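Asker: What follows is a structure written as structure tokens; I'll ask about it next.
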Amino acid sequence: MSSDAAVSSVWPVLHYDDTERALRFLVDVLGFAPVVAARDEHGGVVHAELRWPGGGALVFGSTRHTDSVHGVMRAGTSAVYVVSDDVDAVHRRVVAAGGEVLEPPHETRFGSGAAAHVCTVRDPEHNLWTFGTYRGPSPE
């Protein structure tokens with residue numbers, strides 16, 4: 001495993017009404033790699049762990065899972081920024097899948113003043129995903 005693919009110490013947690021559709025979109029369209037997909041007695045995904053090829057991790061579960069502190073979470077209320085060296089490829093996959101593009105690839109500056117090539121898409125349950133080249137501030 002390269003240092004770029006090191007296990008993340010920050011794991012965003014999202015919840016979906018249709019976890020099977022979410023799994024397909026996150027893996028087949030956005031490009032995450034599945035690590036765990038725990039299913040209930042009916043075959044529905046109740047917990048999934050995914051990795052981003054450049055490093056980082058994501059957890060998601062079902063809004064039907066209400067027996068923990070996460071039971072108060074609703075679908076479609078999150079926004080995630082993902083570092084990508086190929087923003088245009090993510091955009092092409094989303095377009096090819098008929099996904100919703102909110103901002104096509106373009107150059108921008110973030111609040112830090114850093115330049116980045118980014119695009120923002122919405123997943124099938126309305127979470128926002130921004131893919132960009134900005135990796136955070138340079139070490140001083």
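Asker: Answer yes or no: is there a residue in the stretch 60-73 that is loosely packed, with under 15 Cβ neighbours inside 10 Å, charged (D, E, K, R), out of contact with any His (no Cβ under 9 Å at 6 or more places or on another chain) and at pLDDT 80 or above.
Answerer: Checking the stretch 60-73: not a single residue is loosely packed, with under 15 Cβ neighbours inside 10 Å, charged (D, E, K, R), out of contact with any His (no Cβ under 9 Å at 6 or more places or on another chain) and at pLDDT 80 or above.
Asker: Hey, can you tell me all the residues within the stretch 121-136 that are out of contact with any helix residue (DSSP H, G or I) (no Cβ under 7 Å at 6 or more places or on another chain) and either farther than 18 Å from D85 by Cβ or not in a loop (DSSP other than H, G, I, E, B) (or both)?
Answerer: Narrowing the stretch 121-136 to residues out of contact with any helix residue (DSSP H, G or I) (no Cβ under 7 Å at 6 or more places or on another chain): 122, 126-128, 130, 134-136.
Across the stretch 121-136, the qualifying residues are R122, H126, N127, L128, T130.
Asker: What are the residues in the stretch 26-48 that are in contact (Cβ under 8 Å) with a residue 24 or more places away in the chain, more than 18 Å from D85 (Cβ to Cβ) and of a type outside the set (G, A, S), if any?
Answerer: Of all residues in the stretch 26-48, those in contact (Cβ under 8 Å) with a residue 24 or more places away in the chain come to 26, 28-32, 44-46, 48.
Narrowing further to those that are more than 18 Å from D85 (Cβ to Cβ): 26, 28, 44-46, 48.
Answer for the stretch 26-48, where residues must be in contact (Cβ under 8 Å) with a residue 24 or more places away in the chain, more than 18 Å from D85 (Cβ to Cβ) and of a type outside the set (G, A, S): L26, D28, V45, V46.
Asker: Quick test for you: out of D88, D40, pick the one residue that is of a type in the set (D, E), at pLDDT 90 or above and either loosely packed, with under 15 Cβ neighbours inside 10 Å or over 18 Å from H126 (Cβ atoms) (or both). Break it down stepwise before answering.
Answerer: On the way: D40 fails: at pLDDT 90 or above.
Every option except D88 fails the conditions.
Asker: Moving to a separate point now. Any residue at all in the stretch 102-111 that is more than 22 Å from D28 (Cα to Cα) and in a loop (DSSP other than H, G, I, E, B)?
Answerer: Checked the stretch 102-111: at least one residue is more than 22 Å from D28 (Cα to Cα) and in a loop (DSSP other than H, G, I, E, B).
Asker: Return the total of residues in the stretch 83-103 being touching a helix residue (DSSP H, G or I) at 6+ places or on another chain (Cβ under 9 Å) and more than 25 Å from V13 (Cα to Cα).
Answerer: Number satisfying all stated conditions: 1.
The values are calculated or read from the model by the stated rules, or taken from the named source; none is laboratory data. No experiment lies behind these values; they were computed from the predicted model shown. Glycine gets a Cβ as well: all are built from the backbone with ideal geometry, and neighbour counts include every protein chain shown.
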